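Here is the structure we will look at.
The values are calculated or read from the model by the stated rules, or taken from the named source; none is laboratory data. Just so we're clear, the structure is a prediction, and the values are computed from it rather than from any experiment. Positions of Cβ are backbone-derived with ideal geometry, glycine not excepted, and every protein chain shown enters the neighbour counts.
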Amino acid sequence: MKHHTAYANDLKMHYVEAGEGPLVLLLHGFPETWFAWRHQIPVLARQYRVVAPDLRGYGETAKPMEGYDKRNMARDIRELMDTLGATKAAIVGHDRGARVGTRFVKDYPEATDRFVAMDNIPTRIIYERMNAEVARKHWFFIFNSVLDLPELLISGREEAWLRFILSGWCYNPELFTPEEMAVYVRAFSQPGGLRGAFNDYRAAKEDVAQDEEDKDALISCPTLVLWGEDFESGGKMWDFREVWTKMASRVEFVSIPRCGHLPHEEKPEEVTQALLKFLEPWRLNARQNP
């Protein structure tokens, strides 16, 4: 894996790259960075050119005050593709990355071969169905959107905050080693590290408005929806099949038992195999049509 810096959409972006072949873009979620894909990258790179960026506001990518609506974050990725010399990619997104990916595949269908949405219920759906139960289990949507207060309360306590979030979202609360947790602590302890992630959530009003504009336009490319069955705010609460059947016209589903919100980290072998199976037509088509 090699680390690179690129300028895309007036944003200084950090990304990790490995392998050769058809392009696969891995878009991480919250509160993570490219590091979330460490298990998938080496395996996928045997057959694909794999690029895992830090999204706007996360990791080693710049953390501007604005531009976190998902249309603009999708533009970040599209222009990153330009710097890579790529015209088409398979998009794999988890959580926030799946939100960016959803906007990407709608805004740039010509640049998308296929799409994976991992453990994600679209923001528009969450706010449409908001009630006391949804608010309680999605408290972080509301808390993270408050201006300034999250940074004030968490600064200097990043490790405790991350342990609460990441361990609480996993089926196995002891999943992360101290070394793995330290990578995320370092990312969110740097200047702007918290602000960037929270600004991602603070764009919810714009995100919902954008999604309302084309909510009746189904995603047309092949789509895989994958989730863990044991996340309180995910598989235990939402009917992923019901939600995503209304989002995409050619959709497949994979659910993983004894798994929480972070399937790629919790069940890396199962996730990697599901990705390899789903991505195979992209590899074969690219080989036949170089």
Q) Are any of the residues in the stretch 80-97 among the polar types (S, T, N, Q), closer than 23 Å to Phe188 by Cβ and assigned to a helix (DSSP H, G or I)? A) no
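When the stretch 113-139 is examined, which residues are found to be aromatic (Phe, Trp, Tyr) and either over 27 Å from Ile256 (Cβ atoms) or in contact (Cβ under 8 Å) with a residue 40 or more places away in the chain (or both)?
Phe115, Tyr127, listed by residue number.
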Q. Can you tell me which of Leu218, Leu279 is aliphatic (A, V, I, L, M) and either in contact with a Pro (Cβ under 8 Å, 6 or more places away or on another chain) or crowded, with 19+ Cβ neighbours inside 10 Å (or both)?
A. Leu279
Q: Starting from the stretch 197-216, keep only residues that are within 15 Å of Phe143 (Cβ to Cβ) and in contact (Cβ under 8 Å) with a residue 12 or more places away in the chain, then list their pairs with residues that are surrounded by 14 or more Cβ atoms within 10 Å (Cβ to Cβ) and among the hydrophobic types (A, V, I, L, M, F, W, C) whose Cβ atoms are within a distance under 6 Å, requiring at least 6 positions of separation or different chains.
A: Ala197/Phe30
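State yes or no: is Ala45 aliphatic (A, V, I, L, M), surrounded by fewer than 24 Cβ atoms within 10 Å (Cβ to Cβ) and within 26 Å of Asn285 (Cβ to Cβ)?
So Ala45 fits the description; yes.
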Q. Filtering the stretch 191-249 down to residues that are of a type outside the set (Val, Ile, Thr) and in a strand (DSSP E or B), which residue is farthest from Gly67 (Cα to Cα)?
A. Gly228
Q. So, of the residues in the stretch 49-76 that are closer than 18 Å to Asp211 by Cα and among the aliphatic types (A, V, I, L, M), which turns out to be surrounded by the most Cβ atoms within 10 Å (Cβ to Cβ)?
A. Met73
Q: Considering each of Glu179, Glu270 in turn, give the residue that is surrounded by fewer than 16 Cβ atoms within 10 Å (Cβ to Cβ), modelled with pLDDT of 95 or more and over 12 Å from Asp119 (Cβ atoms).
A: Glu179
Q: Would you check which residues across the stretch 252-289 are closer than 28 Å to Lys137 by Cβ and either of a type in the set (Phe, Trp, Tyr) or without any contact (Cβ under 8 Å) to a residue 12 or more places away in the chain (or both) and list them?
A: Phe253
Q: Restricting attention to the stretch 26-53, report how many residues are touching a residue at least 60 places away in the same chain (Cβ under 8 Å) and either part of a loop (DSSP other than H, G, I, E, B) or aliphatic (A, V, I, L, M) (or both).
A: 14
Q: Residue by residue through the stretch 57-71, note down the ones that are under 18 Å from Ser145 (Cα atoms) and of a type outside the set (Lys, Arg).
A: Gly57, Tyr58, Pro64, Met65, Glu66, Gly67, Tyr68, Asp69
Q. From the list Val105, Val100, which one is buried (at least 24 other Cβ atoms within 10 Å of the Cβ) and either within 26 Å of Gln273 (Cα to Cα) or small (Gly, Ala, Ser) (or both)?
A. Val100
Q) From Phe231, Phe164, Phe143, which residue is touching a helix residue (DSSP H, G or I) at 6+ places or on another chain (Cβ under 7 Å), farther than 30 Å from Glu252 by Cβ and among the hydrophobic types (A, V, I, L, M, F, W, C)? A) Phe143
Q: Identify, by number, the condition in (1) farther than 24 Å from His264 by Cα; (2) in contact with a helix residue (DSSP H, G or I) (Cβ under 6 Å, 6 or more places away or on another chain); (3) touching a residue at least 40 places away in the same chain (Cβ under 8 Å); (4) not polar (S, T, N, Q) that Pro109 doesn't meet.
A: (2)
Q) Restricting attention to the stretch 54-79, which residues are assigned to a loop (DSSP other than H, G, I, E, B) and either under 21 Å from Glu179 (Cβ atoms) or among the β-branched types (Val, Ile, Thr) (or both)? A) Asp54, Tyr58, Gly59, Glu60, Thr61
Q: Of all residues in the stretch 185-215, count the ones that are of a type in the set (Gly, Ala, Ser) and surrounded by 20 or more Cβ atoms within 10 Å (Cβ to Cβ).
A: 6
